[in-house]
1. Could you give me the ³J(HN,Hα) list for the stretch A:150-166, computed from phi with Karplus coefficients 6.51, -1.76, 1.60 and θ = phi - 60°, whole Hz, x at Gly and Pro?
2. Using modelled backbone amide H atoms (1.01 Å from N, in-plane), which distant-in-sequence or interchain residues come within less than 5 Å of B:LEU311's amide H?
3. For chain C, calculate the relative contact order in percent as a whole number, restricting contacts to Cα pairs under 8 Å that are 6 or more residues apart.
4. So, counting K/R as plus one and D/E as minus one, what does the shell of residues with Cβ under 12 Å around A:ASP193 add up to?
5. Can you pull the percent of the protein assembly as shown's accessible area that's carbon plus sulfur, 1.4 Å probe, other chains left in place?
6. Could you pull out every one of the aspartates and glutamates with an alpha carbon less than 18 Å from that of A:LYS281, ignoring same-chain neighbours closer than 8 positions?
7. I need the peptides A:32-44, B:193-205, B:128-140 ranked by packing, meaning the mean over residues of other C-beta atoms within 10 angstrom, with the highest value on top.
8. Across the stretch B:113-130, in residue order, what do the Karplus-derived ³J(HN,Hα) couplings come to in whole Hz, using 6.51 cos²θ - 1.76 cosθ + 1.60 with θ = phi - 60° and x for Gly and Pro?
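The values are calculated or read from the model by the stated rules, or taken from the named source; none is laboratory data. Bear in mind that the values here come from a model prediction, so they are computed numbers and not experimental data. Cβ placement follows ideal geometry from the backbone for every residue including glycine, while neighbour counts extend to all protein chains displayed. Side chains are part of the model used for accessible areas, which takes the heavy atoms of the whole protein and leaves out ligands, DNA and RNA. Shrake-Rupley method; radii C 1.70, N 1.55, O 1.52, S 1.80 Å.
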Amino acid sequence: MKKALLATTALMLSAGVAAADVNISGYGRTGIIYYENNDPAVEETQVISRLRMTLDASTETDAGVEFGGRIRLQWDQNQDTAAETNPGKLWISAQGLTVEIGNVENAMDSSSLLYETELGVFDRSVGLSDVAGSFFAYEDGPYDNVGRQGVGAIYSFGDVAVHFSMIDPDQTADSTATTEREYSLLGEYTWNDRLELSAAYTQNGAGLEDNDIFFIGARYAVLDNARIGLNYVNADDSLFDEEVGSSIGQTVALYGDYTLADGLTNIEAYVANNDGDWLGKETDNAFGIGVNYDLGGARLGASIQRDYEELVTADAGVRFEF
Amino acid sequence: MKKALLATTALMLSAGVAAADVNISGYGRTGIIYYENNDPAVEETQVISRLRMTLDASTETDAGVEFGGRIRLQWDQNQDTAAETNPGKLWISAQGLTVEIGNVENAMDSSSLLYETELGVFDRSVGLSDVAGSFFAYEDGPYDNVGRQGVGAIYSFGDVAVHFSMIDPDQTADSTATTEREYSLLGEYTWNDRLELSAAYTQNGAGLEDNDIFFIGARYAVLDNARIGLNYVNADDSLFDEEVGSSIGQTVALYGDYTLADGLTNIEAYVANNDGDWLGKETDNAFGIGVNYDLGGARLGASIQRDYEELVTADAGVRFEF
Amino acid sequence: MKKALLATTALMLSAGVAAADVNISGYGRTGIIYYENNDPAVEETQVISRLRMTLDASTETDAGVEFGGRIRLQWDQNQDTAAETNPGKLWISAQGLTVEIGNVENAMDSSSLLYETELGVFDRSVGLSDVAGSFFAYEDGPYDNVGRQGVGAIYSFGDVAVHFSMIDPDQTADSTATTEREYSLLGEYTWNDRLELSAAYTQNGAGLEDNDIFFIGARYAVLDNARIGLNYVNADDSLFDEEVGSSIGQTVALYGDYTLADGLTNIEAYVANNDGDWLGKETDNAFGIGVNYDLGGARLGASIQRDYEELVTADAGVRFEF
């Protein structure tokens, strides 16, 4: 009783169909990641690659309302046996307001500053990104649960942007289930292209009751070619993956980047402090330094970092956009 | 011993390659569906979305014969954990005749009238589409059986179109298997853009022996902006899903639609009568009313229906094409 | 802690982004394959189709270095229940040298002559391609092992091309594992568009220690419209699939093709001799003849062959490119 696309409104031909468009964009990156470990059966140095192709479809009505949808194809070396599709996202946009439905981003996860301690072409930050707490993210691959359903709203006015998201782990089950809806709110402000502020709050992160996460960050362009920032994440309520009972804790990170006079070489670094007491932790401080060189349409990058287990990790590679 | 694409006929360079083309089209739809139920663990109101991207490739030879292929990516909320690919379909077209091979449509399923009782942006009809019998359809996702193989032929001449399909549930097995080949034949006639006739017969629907289904429908444009139709489906040989021994029965549906003077608002309704006696059935009559509003490239729609179990369902949403 | 695409180098806007491009190409083929067999439960004649869509993305930097990535969607009748994605491949190209990473081709598998005994639109050769030994190939579908990792290098200078590949069955495991890295080297030379030479050596084919394969082939255009070739494959170290202990052996194949005066019809044939002694083998000689007719953008083809089990196989079909 299924059926193909049918035109059920054949009489409704009067209104003109506005410009519809499908676009494929994405990036590829490849290189080497070294991660110190004590397991002789695990290679410390591996080639890691990603190829992402995002299929964006959209159409605009006569009244200027835009409708769109997104599906992504992505392959990650060491993670996917083949390129994976992900669940779709649909959106409607008008007058600065965008409403998203389906596989939406967590609002906090969309902060323009939260991941700015990340280094190199692999965008890794063992000091902050790895201890930012548990929350739902835009899914790269299949959902764990077909009933997962998200809604988001993004509104921009001038220098201010507000983003709200609600992700229900299973909309088919009634509200007495063990999982909760995750709510997240993000506010951002930019002043004169110099100062960036970003603050976010996530409630019931990843559908876990009382897993509330708070983030605030600020960055200032001290020179035309240099920025310095400070991020704070409170993930006291989030637990480390397999270690029930030990909180991830709070993290503060100081970071910055500097572009050399060639206008192509960017040096970036961070130092982070985490007050958690989870299994394997050896120190409260993690730090890293990285460099990126712009090739125009592609970039070379490298980084070296030390994590909270006092293990060193380094990477070098290339990334291109299309 | 596999290999990449190889040019095995390098000497054959004389003939010019005609215009080849790849096109991505599809639609997105999202909104809310309410379905009354008596199970306290199941939410009655859910957000339901679909995102469909159809990849069509084709090429035309110097002599005007067209060759093409289709693969689809589709994500359905509550049904797929990620966007799914489906089995491919190949086709060859010349002089009004199209031959299809692979994941083909059942001919009856392609009727231009069979699904015209469907309402709103979700194209649902609990009165007719849900009791149209069991037959193979163009597959949205993976086949149950890699050996499934279909062939179709479509011929149009003036106001008449004929469509034949044969779908073998498993072409690798010999003919003594428990499943049978499904055959379907559809004939359609249009007169003066006023009268539409459609009749179809399916034998061994869904590969089940003696599951024969007959459909006939007619629709007439009584005014420039109003149509009225009558559909009849005989699914006496089809059984309700888990209820062995109880036939789906015969269904008659009266339906129509009316476009308001704005040329944008279309109102549609149906009333259907089913004579089956399957588990859960409370009444012989189902009915529904819906409305669609054309935004130009997108449409808003809503419907309310009552099914044969006397349960009410309603939906409201938006659908856009690209 | 995952995240969407972030611009981590917002200060690096000086360099212009060069032309980025995404292209979808591929082919479809369909027809009938007959394969004689003695199992009454298996149909000897089946409809076999393939639809391949290759998504290629690339970008070129200001300095003329090209970066690209490839993902493929492919559906094979009787093999895939739906179109499959495969693992990605990334590449960097400059000055005639291309370096590939990810799902790379085995160098020998990329020989321009190894598969030139293949006939018809299905590119089948029971006499040579089926006894060319075991080695990794560019994967059509998911990897068996997420840790599989390949690197390739291709260099062309004038009439000479060299191709090297290394495929590690599992880069995450240490080197004492039971599987080995596969290495392959291919060299090719073309003289005056008349003579083609191709030689290749694969070590530890398919990751199996001491499974070394050697290939050499030559083809000469005796006339403007006729070519004759000789291929030799030594797969003494490769075993037949389920028959542990019996080597595939060595194979010599003589082959040629001739284009008729219409410039559209190409006739091709081969005769092959294999000295192996594996289960089911009845004769040392296999042979086949085929024909292709160019439609311009598509071709019709047919072939008939006899394999080493003295079974006859034949095919007829159509193939189009896009």
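1. x, 9, x, 9, 10, 10, 10, 9, x, 8, 10, 9, 10, 9, 10, 9, 9
2. HN-HN under 5 Å from B:LEU311: empty list.
3. Details: 844 pairs, mean separation 48.9, N = 322.
Relative contact order for chain C comes out at 15 percent.
4. Values: positive: A:ARG194, A:ARG219, A:ARG227; negative: A:ASP159, A:GLU196, A:ASP224.
Neighbour charge sum, excluding A:ASP193 itself: 0.
5. Working: 21590 of 38930 Å².
Roughly 55 percent of what the probe reaches on the protein assembly as shown is carbon or sulfur.
6. The reachable aspartates and glutamates, counting only those whose Cα sits under 18 Å from A:LYS281, are A:GLU36, A:ASP39, A:ASP130, A:ASP236, A:ASP237, A:ASP241, A:GLU242, A:GLU243, A:ASP307, A:GLU309, A:GLU310.
7. On the way: A:32-44: 13.5, B:193-205: 19.5, B:128-140: 22.9.
Top of the packing list down: B:128-140, B:193-205, A:32-44.
8. These are the phi-based 3J(HN,Hα) values: 10, 3, 9, 6, 7, 6, 10, x, 7, 8, 6, 10, 9, 6, x, 10, 4, 7 Hz.
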